[in-house]
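The values are calculated or read from the model by the stated rules, or taken from the named source; none is laboratory data. Note that the coordinates shown come from a computational prediction; the quantities given were computed from them, not determined experimentally. Ideal geometry is used to build each Cβ from the backbone, glycine not excepted, and the neighbour counts take in all protein chains shown.
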């Protein structure tokens, strides 16, 4: 072996070993390794397959389309790839056009000549878990024996990462099986409301509470972080109640100043054209006979807390200068993303209001605590946005699912919904790939320098700059648990600049205020 060839092989193995150390997403690592081999030795096609049960599936590829990948399945002993996995030994086909055992299952080599096929097993703990193969154009200086030795060395290096892929597939299958078991268990028992997706134990407990409280008139307190589905839960209670044909009136306690919120809730006095004062009804009166939904009750101003306590006690209030109270039949459902007991200790939330509202609490789990529901939710949103945007997308790729399953979802279900909306709009084929997902999911891993790894694709310069700025700010917000001022200090930015960037790049700091 001459020095030039030896140096090339050392360089290839160095790049691959460095990728193994730096890339913690196993699916992306397999793709990166194929990229290195393609760039350095110029093969025509390359694949990693993964053995699940008795079938080999293409896990990562170079030079194949999605449709060709779907066709590339081999039973043990079937074709060259299946034979390699069966006997746990490499096979070299010097010219695939002359070998009857070569199946061409992917239909990519119909008119090829002078092309060799090299396939080696990937073995871990004396067990074949997959294969690595490549098509090699025969040139005057091609040394197939040397190429086969290099491929075997790479296969040995990649045994552990491929094992990680295998475990993730098995975990996914277990999650799907668990979801099916829970579906079967729910049949004839407490079922999920139509607008809420999820079958994990914590969500089934939520459904049971909805059933339990819906038929009553008791006040309900729904607790949960931003994006966990508090309003959907409130509407589910309303739709299952005897008040379902009456109004469901929603009021956000954070959307307006105190004086405006008071007018919105309790109405106000206005002088009419005849000079007489008339009462303009507020949301409470509009909700008479139905349900009032108070979002983020912890933000209700102190003066309004006192007034609302009196309403909860007597189901009436005295508007403006009137002497006759207005009596109402209103059920109250309140939500909070804050720890109200801490607000009570600080004196910013009244205990008497808390105990009147917290008659029947429902706690919604964060998405990172209900990972078995992520695939169900993602597929639900995929179908929803395909209908909305008129697109035909059949599935979510394995690398994309791996990214979603490993992400911590600070924005919960709402962030996942936004993620799938973007993915559907971005997808150019009939499958959601990792590159279609938002950069925040693609930069969950870090480079050796500590900066996010950006996957640039084919974006224009402005998009790349905005993406990089967004990821720097998002990473700083993650590190500071959503504290904008701390993130600004970490990035050496002024508060004015970081707030401008946050608005421009549509970043939601609240998503990163994660509880330990």
Legend entry - Selected residue (criterion: surrounded by the fewest Cβ atoms within 10 Å (Cβ to Cβ)) from residues of the stretch 32-57 that are farther than 19 Å from residue 7 by Cα and free of Cβ contacts under 8 Å to residues at least 24 places away in the same chain: 53
Legend entry - Options 354, 407; residue that is out of contact with any strand residue (DSSP E or B) (no Cβ under 7 Å at 6 or more places or on another chain) and over 30 Å from residue 251 (Cβ atoms): 407
Legend entry - Test result for residue 20, in the same structural domain as residue 143 (by TED's automatic domain parsing), touching a residue at least 60 places away in the same chain (Cβ under 8 Å), outside any loop (DSSP other than H, G, I, E, B) and surrounded by fewer than 21 Cβ atoms within 10 Å (Cβ to Cβ): yes
Inset, instruction - Taking residue 206 as meeting all but one of (1) modelled with pLDDT of 80 or more; (2) surrounded by fewer than 19 Cβ atoms within 10 Å (Cβ to Cβ); (3) in a helix (DSSP H, G or I); (4) under 22 Å from the mean Cα position of the chain (by Cα), write down the number of the exception. - result: (2)
Inset, instruction - Assess whether residue 63 counts as being under 30 Å from the mean Cα position of the chain (by Cα), buried (at least 20 other Cβ atoms within 10 Å of the Cβ), over 16 Å from residue 163 (Cα atoms) and modelled with pLDDT of 80 or more. - result: no
Legend entry - Lone unmet requirement of (1) farther than 30 Å from residue 52 by Cβ; (2) part of a helix (DSSP H, G or I); (3) modelled with pLDDT of 90 or more for residue 218: (2)
Legend entry - Candidates 510, 430, filtered to the one that is at pLDDT 80 or above, closer than 29 Å to residue 197 by Cα and either touching a helix residue (DSSP H, G or I) at 6+ places or on another chain (Cβ under 6 Å) or surrounded by fewer than 17 Cβ atoms within 10 Å (Cβ to Cβ) (or both): 430
Inset, instruction - Say whether the condition of being touching a strand residue (DSSP E or B) at 6+ places or on another chain (Cβ under 7 Å) and modelled with pLDDT of 85 or more is met by at least one residue in the stretch 107-115. - result: yes
Legend entry - Members of the stretch 359-408 found to be on the phi < 0 side of the Ramachandran plot and part of a loop (DSSP other than H, G, I, E, B), listed by number: 359, 364, 365, 366, 370, 391, 392, 393, 394, 397, 407, 408
Legend entry - Unique residue being out of contact with any helix residue (DSSP H, G or I) (no Cβ under 6 Å at 6 or more places or on another chain), without any contact (Cβ under 8 Å) to a residue 60 or more places away in the chain and buried (at least 19 other Cβ atoms within 10 Å of the Cβ) when the list is 265, 292, 284: 292
Inset, instruction - Could you tell me whether the stretch 300-309 includes any residue that is surrounded by fewer than 18 Cβ atoms within 10 Å (Cβ to Cβ) and modelled with pLDDT under 85? - result: no
Inset, instruction - Return yes when residue 85 is part of a strand (DSSP E or B) and under 25 Å from residue 145 (Cα atoms) and no when it is not. - result: no
Inset, instruction - Answer with yes or no whether residue 348 is crowded, with 20+ Cβ neighbours inside 10 Å and either in the same structural domain as residue 301 (by TED's automatic domain parsing) or assigned to a loop (DSSP other than H, G, I, E, B) (or both). - result: no
